[in-house]
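This report concerns only the one structure given below.
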Amino acid sequence: MKKTQFYILYLGLLCSLPTLAQNDTINVLNEVFLTDTKLKDFSTGQQVTVLNDSVLKKNGALLTSALNFNTNIYFKENGLGMVSSPSFRGTTASQTAVLWNGININSQFNGQTDFNTLNAAGYDNISVRGGGGSVVYGTGAIGGTVHLNTNLDFSGNTKQDIFLQYGSFNTLDARYKIKTSGKKWSLNVALARNSSDNDYEWPVEDRINENGEFYNNNLNIGLAYRLNDKNTLKFYSEVFDGERHFSLIRPSETRTKYRDLNTRNLLEWVSEFGDFISVARLAHLDENYHYYENIASENYSFGEAKTLIGKYDLNYSVSKTLEFNTVLTNTYTDGEGSGIEENTRNIFSAAFLMKHKPILKFQYELGIRKEATDNYESPILFSAGMNYEFTDFYNLKMNVSRNFRIPTYNDLYWAGAGNLNLNPETSSQVELGNHFKYQNLTFSLTGYYIQIDDMIRWLPSENAVWRPRNEEKVETYGLEILTNWQKRLSKDHQISTSGTYAYTVSENMNTGYQLIYVPFHKATGAFTYSFKNLSLDYQLLYNGEVFTRSDNNSRYNIDSYSVSNLGIAYDFGKDNTYKIGARVLNIFNEEYQSVENRWMPGRNFNIYLNLNF
């Protein structure tokens, strides 16, 4: 079976070399208002991959699945639906920033985002940008950024989307979305429910996944109102409520569970006057968790952080080829928890950006950012990018930047262990991208190098108490390939293929060892064939083996694995779309895990109904 899967992987990669269903630029339709305009305007020299709604529906409801099968980001997942941490370009989970409509939502406590607490159904598109972005997006934007976007328009149309899916392990995925608008107003509402008994069989010891059940509910709202031709008010809101029972490694372990309640609200006022565009934002984020060490008891530990963000963005277009942008941000956080006494911190930042296109084929941008706070010494950050279009066929991109990650609440304030003298982690990086486009084919090859200084690690101190310290230096470098090809063979026949490949080296510069849970190789592939109203799609994910010990002891390595999914769907109707489909996940019943002793499901099935009207 291993050999068969290797050949399928090899053929899939060959098929996907002329491929990739995502673009390296973002196409914005007329009358569509994006909150995260910086993603579109200031990504010169960097690769941006966009996952649209049709791609998201081919994967599980939680965001880990969609990104794992369609991007170069590696995920380590403590079992299906459990804690999920990314490694983007060989960096750690806290060095990938997640932006919700342009607002950084990484946890104040550990600096990370658990991608299994994000329901992909709530967003109109999800974008992934590789490389540094701290000048624009602040802390954590070292390996790359993931953008969750809600789009609003004034088209005057109303569209509704209902998606119902049921599958193995009593898994339910229910989604409802409505987009409606007039000439002066726009409303976007998305509701989602995802739940599972999650009691799949393990490939060892004749066991099932015990205590793995979970559920989550998600509500997203986007609202816009045009006060007049020059002024628009927008409001975004999200509520995520979820509960997970953490899977047991051994049946004798105590059963635990974890509850999340996260709310996000953003008010935005966009004003246009002459050559200026003014955007004032006020955001409130509430991060709240309860951890039950024994589900038979009502006792729990907790953490809650309330963050208030004020942001002012002023853009000045000197001409059609030159623009300047100033961004002022103040972030105030009040947090407390079972291991953290109530503490507040206030961070002010100023960023200045410039974008210039001196000739038709050449464009460059520059950026600088500085933060001020009493909690740590903040470095000066910078970025520079360029894009030169040699021909319609070949485009060269380059970006250099200095980025950072600030110490978290746990790092600074954990009772009896926090270290108030920590410095932010800093990184210097460069990337060079080669982008090719010929008819229906796009292909990109990007090389990068990142050096990270003052890495924060929790290490035992003299009195055996573990404390965080600025201890390590890490360098990561590698290559990324993104490809896409699609072709309409005739009126009734259409095919498309896409693929990604990443070669990643991430080494501790003190020891020379590869970081744990960073594979040297990761690849994805997808193939879709449509005949009239019938469609078939195939997905492939390959992860190379990873080290689980910091001394790279191969005895404890997690083996490489390849997982394949196969789907079929039939589309009824012309004006309104009624689609019914079925999917077989892990069709070759691969026995695999991405975290030691945390097995993932074998072959499983689901069926779905999608209504659009």
On the given criteria, is ASN262 on the phi < 0 side of the Ramachandran plot, out of contact with any helix residue (DSSP H, G or I) (no Cβ under 8 Å at 6 or more places or on another chain) and at pLDDT 95 or above? no
Options ASN211, ASN188: the member that is in contact with a Ser or Thr (Cβ under 7 Å, 6 or more places away or on another chain), assigned to a loop (DSSP other than H, G, I, E, B) and either at positive phi or not β-branched (Val, Ile, Thr) (or both): ASN211
Top-ranked residue of the stretch 203-218 - restricted to ones that are surrounded by 15 or more Cβ atoms within 10 Å (Cβ to Cβ) and out of contact with any Asp or Glu (no Cβ under 7 Å at 6 or more places or on another chain), ranked as nearest to ILE178 (Cα to Cα): ASN218
For SER195, the lone unmet condition from (1) among the polar types (S, T, N, Q); (2) more than 24 Å from THR37 (Cβ to Cβ); (3) open to solvent by 10 Å² or more (accessible area, probe 1.4 Å); (4) assigned to a loop (DSSP other than H, G, I, E, B) is (4)
Condition test on ILE347, is it in contact with a strand residue (DSSP E or B) (Cβ under 7 Å, 6 or more places away or on another chain), surrounded by 16 or more Cβ atoms within 10 Å (Cβ to Cβ) and either within 30 Å of ALA415 (Cα to Cα) or of a type in the set (Phe, Trp, Tyr) (or both)? yes
Residues (open to solvent by less than 40 Å² (accessible area, probe 1.4 Å), out of contact with any Asp or Glu (no Cβ under 6 Å at 6 or more places or on another chain) and in a strand (DSSP E or B)) located in the stretch 422-433: SER427, GLN429, GLU431, GLY433
In the stretch 219-236, which residues are under 29 Å from TYR258 (Cα atoms) and either in contact with a helix residue (DSSP H, G or I) (Cβ under 6 Å, 6 or more places away or on another chain) or open to solvent by less than 20 Å² (accessible area, probe 1.4 Å) (or both)? ASN220, GLY222, TYR236
Hey, GLU591 hits all of (1) open to solvent by 30 Å² or more (accessible area, probe 1.4 Å); (2) assigned to a loop (DSSP other than H, G, I, E, B); (3) more than 21 Å from GLY90 (Cβ to Cβ); (4) touching a Ser or Thr at 6+ places or on another chain (Cβ under 9 Å) but one; which does it fall short on? (4)
Where the second residue is of a type in the set (Phe, Trp, Tyr) and assigned to a loop (DSSP other than H, G, I, E, B) and the first is modelled with pLDDT under 95 and lies in the stretch 578-593, which pairs have Cβ atoms under 9 Å and are six or more apart or on separate chains? TYR578/PHE613
Residues located in the stretch 110-137, provided they are more than 16 Å from ASP36 (Cα to Cα), within 11 Å of the chain's Cα centre (by Cα) and of a type in the set (A, V, I, L, M, F, W, C): PHE115, LEU118, ALA120
Taking the stretch 453-487 as the region of interest, how many residues are open to solvent by 90 Å² or more (accessible area, probe 1.4 Å), of a type in the set (Phe, Trp, Tyr) and under 17 Å from LEU515 (Cβ atoms)? 0
Checking VAL239 against (1) open to solvent by less than 70 Å² (accessible area, probe 1.4 Å); (2) of a type outside the set (Asp, Glu); (3) farther than 26 Å from VAL189 by Cβ; (4) free of Cβ contacts under 8 Å to residues at least 40 places away in the same chain: exactly one of these is not met. Which one? (3)
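Within the stretch 331-347, can you find the residues that are over 16 Å from VAL136 (Cβ atoms), touching a residue at least 12 places away in the same chain (Cβ under 8 Å) and not small (Gly, Ala, Ser)? Please lay out each step first, then the result.
Pass one, the stretch 331-347, residues over 16 Å from VAL136 (Cβ atoms): 332-346.
Still in the list and also touching a residue at least 12 places away in the same chain (Cβ under 8 Å): 332-341, 343-346.
Those that are over 16 Å from VAL136 (Cβ atoms), touching a residue at least 12 places away in the same chain (Cβ under 8 Å) and not small (Gly, Ala, Ser): TYR332, THR333, ASP334, GLU336, ILE340, GLU341, ASN343, THR344, ARG345, ASN346.
One line per residue, one yes/no per condition, for (1) among the aromatic types (Phe, Trp, Tyr); (2) open to solvent by less than 60 Å² (accessible area, probe 1.4 Å); (3) at pLDDT below 90:
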| position | (1), (2), (3) |
| --- | --- |
| ASN330 | no, yes, no |
| HIS356 | no, yes, no |
| ILE359 | no, no, no |
| ASN375 | no, yes, yes |
| ASN387 | no, yes, no |
Those residues that are farther than 14 Å from GLN47 by Cβ, among the charged types (D, E, K, R) and open to solvent by less than 60 Å² (accessible area, probe 1.4 Å), I need them from the stretch 389-421; list them, please. ARG405, ASP411
If we keep only residues of the stretch 147-172 that are surrounded by fewer than 23 Cβ atoms within 10 Å (Cβ to Cβ) and touching a helix residue (DSSP H, G or I) at 6+ places or on another chain (Cβ under 9 Å), then the residue nearest to GLU425 (Cα to Cα) is ASN149
Only one of ALA141, ALA190 that is more than 30 Å from TYR448 (Cβ to Cβ) and open to solvent by less than 10 Å² (accessible area, probe 1.4 Å): ALA190
Within the stretch 514-552, the residues that are of a type in the set (S, T, N, Q) and open to solvent by less than 60 Å² (accessible area, probe 1.4 Å) are GLN514, THR524, THR528, SER530, SER535, GLN539, ASN543, THR548, ASN552
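Evaluate the following for LEU441: is it in contact with a strand residue (DSSP E or B) (Cβ under 7 Å, 6 or more places away or on another chain), closer than 30 Å to GLY339 by Cα and surrounded by fewer than 23 Cβ atoms within 10 Å (Cβ to Cβ)? Full working, then the answer.
Details: in contact with a strand residue (DSSP E or B) (Cβ under 7 Å, 6 or more places away or on another chain): yes; closer than 30 Å to GLY339 by Cα: no; surrounded by fewer than 23 Cβ atoms within 10 Å (Cβ to Cβ): yes.
Here the answer is no, as LEU441 does not meet what is asked.
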Helices (runs of 4 or more DSSP H) wholly in the stretch 43-146 with at least 3 residues that are over 30 Å from PHE382 (Cα atoms) - which ones? 53-56, 63-70
Does LEU566 count as without any contact (Cβ under 8 Å) to a residue 40 or more places away in the chain, in contact with a strand residue (DSSP E or B) (Cβ under 7 Å, 6 or more places away or on another chain) and of a type in the set (A, V, I, L, M, F, W, C)? yes
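The values are calculated or read from the model by the stated rules, or taken from the named source; none is laboratory data. Model, not experiment: these values are computed from the prediction. Neighbour counts run over all protein chains shown; Cβ positions are idealised from the backbone, glycine included. Side chains are part of the model used for accessible areas, which takes the heavy atoms of the whole protein and leaves out ligands, DNA and RNA. Shrake-Rupley method; radii C 1.70, N 1.55, O 1.52, S 1.80 Å.
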